[in-house]
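Undergrad: Dumping the structure here so I can ask a few things about it.
Derivation of every value follows stated rules applied to the coordinates shown; laboratory data play no part. Everything numeric here is computed off the predicted structure, so don't read it as measured data. Please note: Cβ atoms are built from the backbone with ideal geometry, for glycine as well, and neighbour counts cover all protein chains shown.
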Amino acid sequence: MNKRKIDLVEIFNQAWSELYCPPVRLSIVDESGDSDGCLFTVANGIIYLSPKRIPRGVDPERYLLWFFRHQLAHIHHCPYDIKTAYSLERAAYRIINNWDLAYLAMRIFSEVQVDLRYLPSKYGELPYHVRIVGREDSGLFGRIMDAIYLCVNPAFKIENLNLAEAAREIIFISHLERPWHLKVQMIASVLGRLMRMEPRLFSKREIKKSIRSETLYVREDFLNSTIERILETYGLVRDEDEAQRFFEQWLRPRLPSDENERLKKTLSLNLRGSKRILKDLKVEKKDSKPAKKRPAIGGDLKGEPHLSVSSSKPYEKIRERLDEILWRRYWFKSRAQQAIIEYITESRRRRPAWSIMRYPDEWYIEDDIEELDLEASLEEGPIIPEVTTLRWIEEPTPYGQSFSSGFVPSAIIVLDASLSMIEAHNEAAVAAFIAYLSARRSGGETAVITFSTGFASADWRSPDEVKELILSMRFDEFTIFPLHEIRRFISEKAEPCFIVVITDGGWQNLDEAIPFLEDLSDLGHRIAIFLIKGGEYSDRIDSIRRIPNLQIYSVTDPERDLNGLVLSETMKSYGRFLT
């Protein structure tokens, strides 16, 4: 067994050195098991290989050498990285108008580009694995690739004539001297015609099986932080259907197979904690003195019932919608990260410098005014430019970091996910993620609430992934402002908090919410409310506007304006701490 492991490593090193690939590590999985249910996986720069990956009846060393060459050629030549791969898929989509078939076209193009063009050109012979067909049932993709390989190396006859004709066309396309995007579009056209001729071959089950049969690895898989690198491309997607398909094709295959079950358990613990706390609050409320009554605040409810905050309960059936919540979480997060990076890059403020102030020096007229240290200069005497004016010489820290002192406020992000917000929900959720990530990356503590008739929340101690899942939820019910949950979070903090509320203002407990917000403002909490034009609750919005000391922003076009407004407001609190 030890000898076999040494052989595997030597063979891999040969292929790796031939193709000038980024540094990676090969991990041999015990023959009795596999890695995450797969025989060959790559994650964060580590390749996991099981000896069971070698088919029976082949030359194992020769097969492995060509197998490694094939996999490494995908990251060295085609499709290279996620941006290139996804741009090829989008090009195919413009022809076939189906994301799954577009992915299949891109995948087939990448395979033939590597096996029929790049590797034969580099090594002067066809890859060894091209001669091995029909050994695994890998669905539609496997049948098409077997047909292509049989046309190149006719070991036996292809029974399906339409499939054989399509395979010959794909081989012809692969040898054309045309741009990649044009060739993948031609392959997409061939697949579209084949689907019309062989509809049973392209069943939803077969297509799904083909997408999940084997992962197409790209350069990001062979580097650290694979998911974060792929999210950089995911953040550019704006269409909801496209975002869902991107997740299924590119992100889900790279997540652990038990990810859903693990998140279900984590959310379950969080929900049980919310229910227990709610019971404790009810006991405290019974024992406490009744609060002073405030005058009722009128407003046209437009046929909606008046609902008290006592009707707002924690949602209990969140786990049943986890699949939808999961892909939305990654989509919203990637878009928020993209917006923050663009804002920091494009802003004119002084860029963060990872440095330490070492010693004072004279400040001259041509130096930046921001470098002038007035306090140190005044200690030298009256301010005389270039005589008593001083600045500090900065040196980089050994580890590329700087120190920034100051108070980082804790943030409570409150997201309205009611039915009246349905048109603007995606943009509102991205904005909520912007506020959340800005606070978290600055070192501030965070708590989040997503509300409709009920609410889902994660307190200061909840894991980050739970908070992100909460901000990705949508309930499409009535709108009860969760003042009792906000009060609970605030009671756990001795210092003022930064509260971000994203809503259309259609609260059905407005008479309770307004006095509550007035009290928060009087206590020194900073509150920013982003009012989205959704349900047209003009009278209720006017009542909210009359609350003193609140930062209120009107958003008529969420897609165009909301992210920028939230970024601008959150940077007032966290901009100096973000890098």
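Undergrad: Taking the Cα atoms only, what angle lies between the long axis of helix 510-522 and the longest principal axis of the chain, rounded to 10 degrees?
TA: With rounding to tens, the tilt is 80 degrees.
Undergrad: Sticking with this one: Which value in deg cm²/dmol, rounded to the nearest 500, describes the helix-derived mean residue ellipticity at 222 nm for the chain, given -39,500 (n - 2.57) per DSSP H run of n ≥ 4 and division by the residue count?
TA: Dividing the helical sum by the residues of the chain leaves -14500 deg cm²/dmol.
Undergrad: Could you check the spin-label model distance between Asp239 and Glu536? Points 7 Å from the Cα along Cα→Cβ, value in nm.
TA: Taking the two extended label points, one gets 3.0 nm.
Undergrad: Which percentage, to the nearest 5, of the DSSP beta bridges contained in the chain is antiparallel?
TA: Within the chain, antiparallel bridges account for around 40 percent of the total.
Undergrad: Counting GluC sites (Glu not before Pro) as exposed when in a DSSP loop with at most 11 other beta carbons within 10 Å, what is the longest stretch of the chain free of them?
TA: For GluC sites (Glu not before Pro) (loop position, at most 11 other Cβ atoms within 10 Å), the longest site-free span of the chain is 387-579.
Undergrad: Figure the gain on full extension for Leu26 and Asp7 (residue separation times 0.36 nm, minus the Cα-Cα span) and round it to one decimal in nm.
TA: Taking Leu26 through Asp7 to full extension adds about 5.6 nm, to one decimal.
Undergrad: Cut-off under 13 Å on the C-alpha distance; same-chain residues fewer than 8 positions from Lys208 excluded. Which aspartates and glutamates are left, in chain and number order?
TA: Answer for Lys208, where 13 Å is the Cα cut-off: Asp100, Glu248, listed by chain and number.
Undergrad: What order do you get for Ser543, Ser203, Ser213 when you list them from fewest to most C-beta neighbours inside 10 Å?
TA: Arranged by neighbour count, lowest to highest, Ser543, Ser203, Ser213 become Ser203, Ser213, Ser543.
Undergrad: Could I ask something else about it? Suppose each label sits 7 Å from its Cα in the direction of the beta carbon; what would the Thr345-Asn153 distance come out to in nanometres?
TA: Each label point lies 7 Å from its Cα, and together they span 4.4 nm.
Undergrad: With 35 Å as the cut-off, how large is the P(r) tail for the chain, expressed as percent of Cα-Cα pairs?
TA: Looking at the chain, the distances longer than 35 Å represent 52 percent of pairs.
Undergrad: Output the 0 to 90 degree angle, nearest 10, between the alpha-carbon long axis of helix 161-174 and the longest principal axis computed from the alpha carbons of the chain.
TA: That helix lies at roughly 70 degrees to the long axis.
Undergrad: Here's another thing I want to ask about it. With 10 angstrom as the radius, rank Asp241, Asp100, Asp464 by how many other C-beta atoms surround their C-beta, starting from the fewest.
TA: Ascending number of Cβ neighbours within 10 Å: Asp241, Asp464, Asp100.
Undergrad: Can you tally the net charge around Glu569? Count Lys and Arg as +1, Asp and Glu as -1, for every other residue whose Cβ sits under 15 Å from the Cβ of Glu569.
TA: With Lys, Arg at +1 and Asp, Glu at -1, the net is +2.
Undergrad: Once the cut-off is 25 Å, how many percent of the Cα-Cα pairs in segment 82-252 end up in the long-distance tail?
TA: Of all Cα-Cα pairs in segment 82-252, 31 percent lie more than 25 Å apart.
Undergrad: Return one number: the angle in degrees, 0 to 90 and rounded to the nearest 10, between the long axis of the Cα atoms of helix 99-112 and the longest principal axis of the Cα atoms of the chain.
TA: 40
Undergrad: Just the projected area, averaged over all directions, of the convex hull on the alpha carbon atoms of segment 163-272: how many nm²?
TA: 10.2
Undergrad: Can you work out ³J(HN,Hα) from phi for every residue in segment 446-462, in order, using Karplus 6.51 cos²θ - 1.76 cosθ + 1.60 and θ = phi - 60°, giving whole Hz and x for Gly and Pro?
TA: Karplus values, whole Hz, x for Gly and Pro: 9, 9, 9, 9, 10, 9, 8, 5, x, 7, 10, 9, 9, 7, 4, 8, 5.
Undergrad: Fully extended, how many nm does the chain gain between Met197 and Arg62 (0.36 nm per residue separation, minus their Cα-Cα distance)?
TA: 44.8 nm
Undergrad: On to the next question. Bin width 10 Å, alpha-carbon pairs only: give the P(r) of segment 430-524 as whole percents, running from 0 to the bin holding the largest distance.
TA: 15, 49, 33, 3
Undergrad: Right, something else. Pop a pseudo-label 7 angstrom from the Cα along the beta-carbon direction at both Ser311 and Lys208 and give the gap in nm to one decimal.
TA: 3.8
Undergrad: Within 10 Å of each residue's Cβ, count the other Cβ atoms and sort Tyr343, Tyr330 from fewest upward.
TA: With the sparsest Cβ surroundings first, the list reads Tyr343, Tyr330.
Undergrad: Cβ under 10 Å from Thr388's Cβ, Thr388 left aside: what net charge do those residues give with Lys, Arg +1 and Asp, Glu -1?
TA: Combined, the nearby Lys, Arg, Asp and Glu give -4.
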